[in-house]
Structure formats: structure tokens, C-alpha cells
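The values are calculated or read from the model by the stated rules, or taken from the named source; none is laboratory data. Only a predicted model underlies this, so the values are computations on that prediction, with no experimental measurement involved. Glycine also receives a Cβ, built like all others from the backbone with ideal geometry; neighbour counts cover every protein chain displayed. Each accessible area value is taken on the protein alone, full model and side chains, heavy atoms only, with ligands, DNA and RNA left out. Shrake-Rupley method; radii C 1.70, N 1.55, O 1.52, S 1.80 Å.
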Amino acid sequence: MNNIIVSPTKLDPAKRPIEIVERKGLGHPDTLSDALGEHLSCTYSNYTLTRFGAILRHQFDKVALMCGRAKVSFGDGQMLEPIRVLINGRASACLGDEEIPVRSLLIDATREFFATRFPMLDFDRDFRIMYEVRSGLHTTTGGIFDRNDEVRSATASIHYRFHPRSLADLPETHKVQSNDTSAAVGWAPFSPLEQAVLRIENYLNAATTKLEHPWLGSDIKIMAVRSSDNVKMVIAVPLLSRLTHSGAEYFERLAIVERLVRKEFAVAAPAYSLDELVLNSGDDLEGRKLYMNFTGSSIESGDEGMVGRGNRIGGVIAPCRPYTMEGLGGKNPRYHVGKVYSAAAYDIAHRLQNELGLSTNVFLVNRMAEPLSHPWFATIETLSTPTDKPAITNIITDVCADLERVTKGILEGKYPLF
């Protein structure tokens, strides 16, 4: 590959005087939307892979969750109106004469998704599905009909991308091309503050932690600001209303959370001092306002979520890092350049760290209809003086030459897409 640029940089977040890191936890509406879109994509991809040996065209990256209404009190809680789930996008509903049960496949996958996250809810009662998935002819951008030769136009494979007569109508089954013009970013290693934020949220939302502290909700959000070696952190941690019986118990449990957070922070970032830790900064017991809810997520009442508004690849929102606004959840893992390149850039950055000891930012860019295995540009920013460009080039080429492995990793959930 001749279009690889390696350059030095001084933009190390860990060495900046100020660093900001945020993470939206597993139960945050935006994270739920990302995860639902990805769950639908993986469900559909695995179905078509098993049945036809190929991932058919689809995209569910415009999934959205719209809040319901809930009534919360100490020791109790109930849903008053259902959470609305917008299942939106496009998907091939057949291959030749064989139909694919797209609607039932996606709704069943949605049922499964929420059953594992909110077992206290009844899917048929507490969720309202808004199904807006399109399929068939005239759903492909760029498909032009010839007014003077309707027969030739109607047989052109471009019109059958989402309604394939056979796998021959899908160019990615023989040569994977970029579906768009887009850029992706990956980086490694994580800074100590990024590691701390990830560790704390992962710990608080871990299944083992919930067994010991079943009153913990999942809609946890962390904002951390480091100034030199001193860190200030604000964490929103919901408590489950039916397991929290008084204001005194609520604040006793927040004290437990504070001890847990400080312990995990000390392990992840021992060189830093956690000078200030604020939990549920909006609490006002006299005003009857506490971060306590029935499901553990504000999606039950008052908040909404959309794919692409949450964490970036790697699992954090880091304003001091370069990143794109590419929303990854629900996009096609075979040919969508923003998604595949994000995972590939993540791989490249971590291989450069593990194999060459480099701290890098990795940028991959491609143009629509170009081979996905050959980025238009690959740019590596490294904090070290790049002395071995051939080794860097070999790693980039190796990852991009085997994007099927990246696709497989996406379907197996091996990448922290959000």
C-alpha cells in the first residue's frame, strides 16, 4: 500500500494538562439504542449466513427508543404507558423465491433483547413496537431507470440490492466495495483516566456486582475531568425503587457506591488522586427528586435514545481524542466502510501497541465503490518517532487484507463498538 502516511504527534491525552472522559452505561437510552441496533444486525446477519451463506443487505442504524411513563415510589414502581421502540431501516426480505421472515425475526430479537435487560417488564404490555423496515425494489440509492428501455433498466442488478434474485446481484459476495465515502478512527493505548472510567462503569454494571447489590440500576453515566494528576468525577447511579424503601436507605446505598467507585479508581489510576466524587448531583429529597426508578433506566420515563449518540468505539466519549461521528450499531458488518474500518482501526492501533510498542491514532478513509481492502488513505499518528515504517505498513496491510476476520469478530461481539 502506497497511501500510508506516518507522522509524529504530541497529542497524548494522558499528558495534556486537562483531560475529559465520559461514558454512558449499559442502561443509558443511547447505549441501549446502539446495542439494540447491533443485536438486530447480528440476528439478521447470522440468519442469512446460515441460510444462504452470505450476509444480505440490511441496515438498522436508525433505531430509536422513546420513553414511556412510569410512577416511582419508595418500595414500589409501575409502568403507566409503554416504552416505544422504533425498529427502522432497510433489509432484504427474500433471496430469489425464498422469503425471509424479517418482521418476526426482528421483533423476536427485540423481545429477547429487552427480556435480558429488564426482566421486570412485560414485553407485550410495557413496549410498543413501531415497525418501519423497508425492503424490495426502489430502496437502493443510485438506481436509475431508463425511460426508453424499461426492460434493460428493470434487469440491472443495482435495483435488486435489497431484493436480490440471486447472490450475483450483490457485489460484496465476490468483491467487497466501500458502500460510502467515510473515515474511521482507532487509538491505543487507553489513558489511565479512560481505563478508570471504563473499569468503574463495567464494575457497577457487572452481573456479579448486581448479585451483591441488586438495588443498582443500569443507567449509569460517568463524567471525569483530570487537571494535572487530580480528578473530579460526577456519576449518575440509579437505584431500583422497589428495592429502596426510604430516603435514608437511598443515601446509605449511595455511600456504598462511593466506596466501590473509589476502590476501583485506585486500582485503575493509582497515580491520580480522586479529589472530588459527586453521586447523583441532582438529588433533592425535600423536592421529591431522586435518581431512583422502576427499571433502572430513564428510558422508562423522561429520556430517549438513538443510535450513534453514545460512546464511540472503545467504549468512551473522549473529547481530547480524535474521533468521528459514525454510529456503528446496526450497520452492515460486511461492507459498511464506517463500521468495518472502525473495527479495523481499533485492531491496527492495538497491534501497533502490542507488537511495536507504539502509542497511536489510526485513521482509515475510503471512497464509495473502492475495494474495502485498499483504503484511500491510512494515516498513523504516533507519539514516538516512527523508525520502522515497513513494520507499521505490514500491520495495516495485514489487517485490511483480512476484513472477513473483522466481520466475523463484529458478529461475535469481540469489538467494543460502543
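Some points to look at:
- Secondary-structure-derived ellipticity at 222 nm for the chain, considering helices only, amounts to -10000 deg cm²/dmol, per-run term -39500 (n - 2.57) for DSSP H runs with n ≥ 4.
- The chain, accessible surface, carbon-and-sulfur percent (1.4 angstrom probe): 51
- Among Thr397, Thr208, Thr173: highest mean-square fluctuation, GNM of the chain, C-alpha pairs under 10 Å: Thr208
- Point-to-point label distance, Thr9-Ser157, nm (Cα→Cβ direction, 7 Å offset): 3.8
- Cross-link table Lys389/Lys414; Lys10/Lys339; Lys24/Lys408; Lys339/Lys414; Lys331/Lys414, entries beyond 18 Å C-alpha to C-alpha: Lys389/Lys414; Lys10/Lys339; Lys24/Lys408
- Placing pseudo-labels 7 Å out from each Cα toward the beta carbon at Gln177 and Ser273 gives an inter-label distance of 6.0 nm.
- Global form of region 1-53, assessed from the alpha-carbon gyration tensor, a/c cut-off 1.5: oblate
- Our summary gives the chain a relative contact order of 28 percent, counting only alpha carbon pairs under 8 angstrom and 6 or more residues apart.
- Entry comment: accessible area of region 25-172 is 48 Å² per residue, from protein heavy atoms only and a probe of 1.4 Å.
- Listed residues Pro17, Leu36, Gly68: farthest to the positive end of the dipole of region 13-133 (Cβ charges): Pro17
- Taking every protein chain into account, the accessible area of region 223-285 amounts to 46 square angstrom per residue (probe 1.4 Å).
- Net lengthening on full extension, Ala255/Lys389 (0.36 nm per residue, minus Cα-Cα): 43.1 nm
- Spin-label pair Glu412/Arg288, simplified geometry with 7 Å Cα→Cβ offset, distance in nm: 5.3
- Among the GluC sites (Glu not before Pro) found in region 335-418, those both in a DSSP coil and sparsely packed, with 15 or fewer other Cβ atoms within 10 Å of their Cβ, are Glu412.
- Loop-located trypsin sites (Lys or Arg not before Pro) across region 1-107 with a Cβ neighbour count of 12 or fewer within 10 Å are Lys10, with loop assigned by DSSP.
- When Rg/Rh (Cα atoms, Kirkwood Rh) is calculated for this entry, the matching label among (1) 1.57; (2) 1.01; (3) 0.96 is (2).
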